[in-house]
Amino acid sequence: MIKFADLHTHTAVSDGTFTAENLIIEAKNRQLSAIAISDHDSVEAVSSAIEIGKKEGVEVISAIELTSDYEGTEIHILGYLVDHTDQIFLQSLEELRKDRIERVYSICAKLKGLGLNLNAEDVFAVATGKIISRLHIAIAMVKKGLVGFTQEAFRHYIGEGCPGYVPRLRLNPQGAIELIRKAKGIAVLAHPYILARQELIEKFVDYGLLGIEAYYPEHSASMTNNYLKLAKKLKLLVTGGSDFHGQSKPSVRLGAVKVPYALVEKIKITQEELFA
């Protein structure tokens, strides 16, 4: 029987709504052999998830999703098989977490200047984990009746270029890739379709990028084929996943995009060759 994996999922530690345990049970119900927990800027859920996964018969792959910035463009880098216990790595993540908190206060101050009464405490109240994102701000705005739905919050207030937007401390892509590499992880470009300048992918390969997320819910068949061809040309690993967030993105179910487990094995082999 062919085994499958979903290599892009989030828990309530960042901006998902499922606990690690619920996520693993859902993966088991959907007959996934493995999932990668790739929370934003955090590996907090990984240790317990690995143990729960062993009991439930679902392999949990340590992963992370880092946000970086290249000339004003947001670039997300996935890191697979990172050492989630490495203290230097964890210290770097803690700095990113603290900056996220400060950003909430700054955005709320801007929103108040626009006549929208949202307090930082309103945002913290809807976040179950330590990693606070703009999605939590959008959810809090909906709960307070300031907008009708989360997309409206991003479109009019907190999206890039909007009056309530505040940039946060970001790595550049090279820094994100290096951080993942120092934690003995494999750096992969997430959802490449959002990259306006596709030619940048080759530049990121020069930085040490080792893979590309070719399979993704927003990718058309032609996009996927193009990324598969590019991966072959640049000798990149291929990954894919649903980017599952639970009720934060209710239209996306776990395993909606999945990849053969053979691709996981290729990631493992690459890591062994690099860090043996």
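The values are calculated or read from the model by the stated rules, or taken from the named source; none is laboratory data. These figures come from a predicted structure and were not determined experimentally. In case anyone asks, the SASA skips ligands and DNA or RNA and just uses the protein heavy atoms, side chains included. Shrake-Rupley method; radii C 1.70, N 1.55, O 1.52, S 1.80 Å.
Values for this structure:
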quantity	calculated
Relative contact order (percent, whole number), the stretch 21-155, Cα cutoff 8 Å, 6+ residue spacing	16 percent
Carbon + sulfur, % of accessible area of the chain - ligands and nucleic acids excluded, 1.4 Å	51 percent
Å² per residue, accessible surface of the chain at 1.4 Å	46 Å²
log₁₀ of I(q)/I(0) at q = 0.15, 0.20 Å⁻¹ - the stretch 1-149, Debye sum with one point per alpha carbon	-0.83, -1.19
Amide H contacts of ALA36 (H built 1.01 Å from N, under 5 Å, at least 5 apart or other chain)	ASP6, LEU7, HIS8, THR9, ILE61
Qualifying aspartates and glutamates (Cα of each under 18 Å from Cα of LYS143; at least 8 residues distant if same chain)	ASP15, GLU121, ASP122, GLU152
Candidates SER92, SER33, SER68, ranked by Gaussian network fluctuation over the chain, Cα under 10 Å, top entry	SER92
Label assignment, Rg and Dmax of the Cα atoms in Å derived from the structure, set (i) 18.2, 58; (ii) 53.3, 162; (iii) 34.2, 106	(i)
Helix-derived mean residue ellipticity, 222 nm - over the chain, DSSP H n ≥ 4, -39500 (n - 2.57), to 500	-13000 deg cm²/dmol
Separation of alpha-carbon centers, the stretch 27-49 and the stretch 60-121, rounded to whole Å	19 Å
DSSP beta bridges in the chain [antiparallel fraction, %, rounded to 5]	45 percent
Anchor LYS144: lysines whose Cα lies under 16 Å away (excluding residues fewer than 8 positions away in-chain)	LYS112
